[in-house]
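Let me begin by presenting the structure, written as structure tokens, before commenting on it.
None of the figures in this text is laboratory data; all of them are computed from the coordinates on show. Worth saying up front: this structure is predicted, and the values here are computed from it rather than measured. FYI the Cβ positions are ideal-geometry reconstructions off the backbone, even for glycines, and counts take in every protein chain you see.
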Amino acid sequence: MPPIIKNVLAVFLGWLGGSAVNMSLINVGYQKYPIPGVDPSDMEALAAVMPTLSNEYFIFPFLGHALGTLVGAIIAGIIAPTNKMKYALVVGVLFLLGGLVVNYMLPGPTWFAILDMVAAYIPMAWLGGMIATKISK
């Protein structure tokens, strides 16, 4: 298989695997901390209630974002034939862009947005790239 196809596949499968981890953790969070009277699939209702939620409601979204990015970056780094860190970071940038959109659509507390943007994406993608590089040796 040509390296370019492997690289595209690495990013796609990293994004897909990381997204599965992300959504799984967010769904666990909805089960552990249900928001009374709010359907989690109703974005308008979520957006309206987000500023009123206490800190525990943001644990699983942060874990989903961070661990989803980490797993996605590891997958991309393992699959990429060369430049493993580069493709792990590409996955991190994709998740960062998604995180920016979600933080815009569902504005939560400022502390969460800052923590999410600073700690959940690029640092986790870098760590995933480091792990993938060590695994692939």
query = Which listed residue (Met124, Leu63, Met1) has the Cα farthest towards the positive end of the charge dipole for the chain, taking +1 on Lys and Arg C-beta and -1 on Asp and Glu C-beta about the Cα centre?
reply = Met1
message = What distance in nm separates the two pseudo spin-label positions at Ile59 and Val8, each 7 Å out from Cα along the beta-carbon direction?
response = 4.2 nm
ask   = When you count, for each residue, the other Cβ atoms within 10 Å and take the mean per peptide, how do 20-31, 68-79, 89-100, 36-47 rank with the highest first?
value = 68-79, 89-100, 20-31, 36-47
inquiry  = Rounded to the nearest 20 debye, what is the charge dipole size of the chain about its Cα centre when +1 sits on each Lys and Arg Cβ and -1 on each Asp and Glu Cβ?
reply    = 820 debye
key: Alpha carbon convex hull of the chain, projected area averaged over orientations, nm²   = 8.2 nm²
task = Starting from the Cα-Cα distance between Tyr33 and Val93, subtract it from 0.36 nm times their residue separation and give me the gain in nm to one decimal.
result = 18.7 nm
message = Within the chain, which whole H helices from DSSP have a Cα span along their axis of at least 18 Å and a mean Kyte-Doolittle hydropathy of 0.0 or more, if any?
response = 3-32, 59-79, 84-105, 122-135
Gap separating the Cα centres of the stretch 84-120 and the stretch 4-37, nearest whole Å = 13 Å
request  = Subtracting the Cα-Cα distance from 0.36 nm times the residue separation, let me have the gained length for Met1 to Met105 in nm, one decimal.
outcome  = 33.5 nm
request  = Using label points projected 7 Å from each Cα along Cα→Cβ, tell me how many nm separate Ala20 and Met43, to one decimal.
outcome  = 2.5 nm
